[in-house]
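Following: one structure in structure tokens, then a few remarks.
Readers should treat all values here as calculations from the given coordinates under stated rules, not as data from a laboratory. Being a predicted model, the structure only gives us computed values, none of them experimental. Backbone-built Cβ (ideal geometry, glycine too); neighbour counts: all protein chains shown.
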């Protein structure tokens, strides 16, 4: 990790997950062969923090850019770091098809149920009733549909090898998140197929709560809608 | 004997294209089909992407990895690639993009057209960039220019477009499978191959500070100015004593050449200037012809797009008339010959 102060808001999940990923890269000794594809979103500036080769991708295109890169250099470790819009709105096709092809890449999906960088608009994962700047009356299922559980969809694909959902609500859960991300990277190194770790993450700024309240919201509301767990792990024969 | 589409594929293989990503769309399906077999034979990468958008982004990823990469499509699919092309331009990554122009706009049809000239030369992609565009006129040129495009892409770190049309993609002609010419290319010191024993690299186009962004824009412009000096290409046919000069490219130029031969046999002093690079446009050649010719007749298989560039180059020195057949119509040389004759009489040439 570069010694640069984060630009992220107090209470943001990015700071936590960035650190976890960097620790894992150090522990696995893969800094010299890992490539990161950041999103369009608050973490677009991820290259300021990750001290590895980084290639920008247009919003949602991470799955395709990572595919192109990995096909050209299969010996490198490639991970995309994407938010709700990148993974599950504009990038749905690229995400799904990378998983369906069993691309040997890893997706880190930071789900905070809102579009942070652009000022708090509705995301595909926004909860029913959740107010955002483009759903000011609260998300209504008959108008805006339902929170999209893209991770669950991807877990159904034969090409996916390790699909998990975690949360950073408590230190214990952060620890579990780290183990999960580590597993995902190991899957890639072992060439087992597509790995994805969704991390439920707070956005106090756009949820319009304090950081402390945000972590509570994470446990009480987000984790209820998006249950934590391993959805698929082909090394444990836990398929769905 | 080779079909145009296959010539593109084979040239790419010979040029060392390591990755092809594409999506089916008529009339260029033969390109991904050819590549799907040929790349496998060569132990290289072929992947049919889930969309044209995905495909151009796969090309971007491969280019970042340092691989020569190509994609191909036709008009509506090229629209889908525009974001990717803008990114490639700003990221200064090399790539070859083939557009087999069909009738448009919208869904259009699958017949040959030249309605994508603006899209190709003005960018359909956003932002302050330019992109070299080659318009081959024969299958041999399709082959040679495809190979050349890879070198230009690497030399200038830029996406390069090959603009064909539904006709030239389907034509079968005898060609010589020229070997790759050895060209001196700058080292690929910007690619991402893992920060092993060197500082980590960033490939990005986000430049938040306007002053820095301005510098980047001017840097790109200096590159484009160099391309404007080095890259323009065109062919002149019977222009030495031409009073009326047709300006046409690609398939339209083939038709026009037939028309020129016809009217020449009737004693009309008519010539043809065929731009081979649409960007950078061969302005100098056109300016020079403007001194000799009394009339330029721009013939396009569209409602008139290249005519803008002709008029810009000519600067009012010579009258420019336009004749067009859009929509996928491919006129016969006789039709163009009649139009020439009409102008010849009307303008008292």
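Side notes on the structure shown:
- Among (1) more than 10 Å from every other protein chain (Cβ to nearest Cβ); (2) touching a residue at least 40 places away in the same chain (Cβ under 8 Å); (3) over 15 Å from the mean Cα position of the chain (by Cα), the one test that residue B:43 misses: (2)
- Count of the range B:213-270 residues which are over 20 Å from the mean Cα position of the chain (by Cα) and in a loop (DSSP other than H, G, I, E, B): 11
- Residue within the range A:108-117 that is without any contact (Cβ under 8 Å) to a residue 60 or more places away in the chain, touching a strand residue (DSSP E or B) at 6+ places or on another chain (Cβ under 6 Å) and not in a helix (DSSP H, G or I) present: no
- Count - residues of the range B:86-116 that are within 17 Å of the chain's Cα centre (by Cα) and more than 21 Å from residue B:29 (Cα to Cα): 4
- Residue in the range A:118-129 that is touching a helix residue (DSSP H, G or I) at 6+ places or on another chain (Cβ under 6 Å), outside any loop (DSSP other than H, G, I, E, B) and surrounded by 21 or more Cβ atoms within 10 Å (Cβ to Cβ) present: no
- If you go through the range B:97-115 and keep only what is within 24 Å of residue A:91 (Cα to Cα) and touching a strand residue (DSSP E or B) at 6+ places or on another chain (Cβ under 7 Å), you end up with just B:97.
- Test for residue B:149: is it within 13 Å of the chain's Cα centre (by Cα), closer than 21 Å to residue B:299 by Cα and part of a helix (DSSP H, G or I): no
- Taking the criterion of being surrounded by 15 or more Cβ atoms within 10 Å (Cβ to Cβ), touching a helix residue (DSSP H, G or I) at 6+ places or on another chain (Cβ under 9 Å) and in contact (Cβ under 8 Å) with a residue 40 or more places away in the chain, the residues of the range B:309-334 that qualify are B:309, B:310, B:328, B:330, B:331, B:333.
- Counting the residues of the range B:189-203 that are buried (at least 17 other Cβ atoms within 10 Å of the Cβ), in a loop (DSSP other than H, G, I, E, B) and facing another protein chain (nearest Cβ under 7 Å) gives 6.
- For residue A:179, the test of being over 22 Å from residue A:85 (Cβ atoms), assigned to a helix (DSSP H, G or I) and touching a strand residue (DSSP E or B) at 6+ places or on another chain (Cβ under 8 Å) is failed.
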